[in-house]
Amino acid sequence: MFSTKAGATKLLIGVVVSLIIFKVLVGWRTGSISILAQAADSLLDLFAGIITFSAIRIAAKPADAEHPYGHGKVEDIAGIVQGILIFIAGGVIIYSAIGRIIKGSSIELAEAGIAMMAVSIVVSIFLSRHLLSVSRISSSVALEANAHNIATDVYSASAVLAGLAIVQFTGLNIIDPVIAIGVAIYILKVAFNTIRKPISGLLDETLPTSQQAVIEDSLRKHSREVSGFHTLRTRRSGSQSFIDLHLVMAREISLEQAHQICDRIEAEIQSTLHEASITIHAEPCDGECEQCSATCSRRRTR
């Protein structure tokens, strides 16, 4: 049920809503700015989850007359929006924490806050791992951004928990806003990393080296059928990838044979890169047999 992109997003929204409610209640009762900062971060997680859910539904639409390459870039846009939201969360936390340091504050019922943060850490660990697993299977940039976003909650909640424990045993209330500022700085770093990948998708950056290698390995496996390839170009659009190249064929090969070879190569690449759209331009060889390993009548008679 939660192993698809849509299912994982629904799980994300449900869990985050629950965490927000508990964090707000505990933060208000204890007077802890660091817990309220965590609640604010979770609220942005909720917005990000809603954005992701919408983006995945739009990105799943098939290509149409107005969008012949599909709607995959919507996921990249969603990833950038999430990064911006994380930046905002970090800024708000720093502003609030500095205000607490200047005015002074006290913490009540720190043990309640410690228990809340412990629960938040455990839940966030399992949720982040699940989202990351689904994002890798589905190649969803938006889900991956959410997974990293939730992962920040693990580290920030751990810092808040440690701060509350120090306050509980030492009575140094200033530790609470100081920890909140540290959490915010880490959140800003994660925001930068979250934005970087979807921006590369919007700028049509090439596929990762590992995926490029899959394509080139598949082409080399057919070196007995084709003379070579060139002008290999790749780009990503959300969870979809687009590949185009020129495939050099023996001059004597028929159009039907060339088509069959192209189909086999496309199927082999798509067996690994599941959402790949491949365009192959077949062209005749230049007759330079010394540089060719393909089998053809001309090579057999030489």
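The listed residues are 233, 224, and the only one of them that is among the charged types (D, E, K, R) and either in the same structural domain as residue 145 (by TED's automatic domain parsing) or part of a strand (DSSP E or B) (or both) turns out to be 233. For the structure I just gave you, tell me whether residue 54 is among the hydroxyl-bearing types (Ser, Thr, Tyr), touching a helix residue (DSSP H, G or I) at 6+ places or on another chain (Cβ under 8 Å) and surrounded by fewer than 16 Cβ atoms within 10 Å (Cβ to Cβ). In short, yes. Consider segment 198-221 and keep the residues that are within 13 Å of the chain's Cα centre (by Cα) and in contact (Cβ under 8 Å) with a residue 60 or more places away in the chain. The one that is surrounded by the most Cβ atoms within 10 Å (Cβ to Cβ) is 198. Evaluated against (1) farther than 30 Å from residue 178 by Cβ; (2) at pLDDT 75 or above, residue 70 falls short on exactly one condition, (2).
For residue 70, indicate whether it is under 20 Å from the mean Cα position of the chain (by Cα), in a loop (DSSP other than H, G, I, E, B) and not β-branched (Val, Ile, Thr).
So residue 70 fits the description; yes.
For the structure I just gave you, tell me whether residue 195 is within 16 Å of the chain's Cα centre (by Cα), assigned to a helix (DSSP H, G or I) and assigned by TED's automatic domain parsing to the domain that holds residue 89. When the stated conditions are applied, residue 195 passes them.
Within segment 113-127, the set of residues being crowded, with 17+ Cβ neighbours inside 10 Å and either hydroxyl-bearing (Ser, Thr, Tyr) or within 15 Å of residue 167 (Cβ to Cβ) (or both) comprises 113, 114, 116, 117, 120, 124. In the set (1) charged (D, E, K, R); (2) at pLDDT below 75; (3) within 21 Å of residue 196 (Cα to Cα), the condition left unmet by residue 103 is number (3).
Within segment 159-176, none of the residues are over 26 Å from the mean Cα position of the chain (by Cα) and within 24 Å of residue 11 (Cα to Cα).
For segment 222-253, filtering for residues that are within 25 Å of the chain's Cα centre (by Cα) and among the polar types (S, T, N, Q) leaves 5. You will find that of 176, 217, 244, the residue that is among the acidic types (Asp, Glu), assigned to a helix (DSSP H, G or I) and modelled with pLDDT of 80 or more is 217 and no other.
The values are calculated or read from the model by the stated rules, or taken from the named source; none is laboratory data. Here the structure is a predicted model, which is why all the values come from computation and not from measurement. Here Cβ is always computed from backbone atoms with ideal geometry, including for glycine, and neighbour counts include all displayed protein chains.
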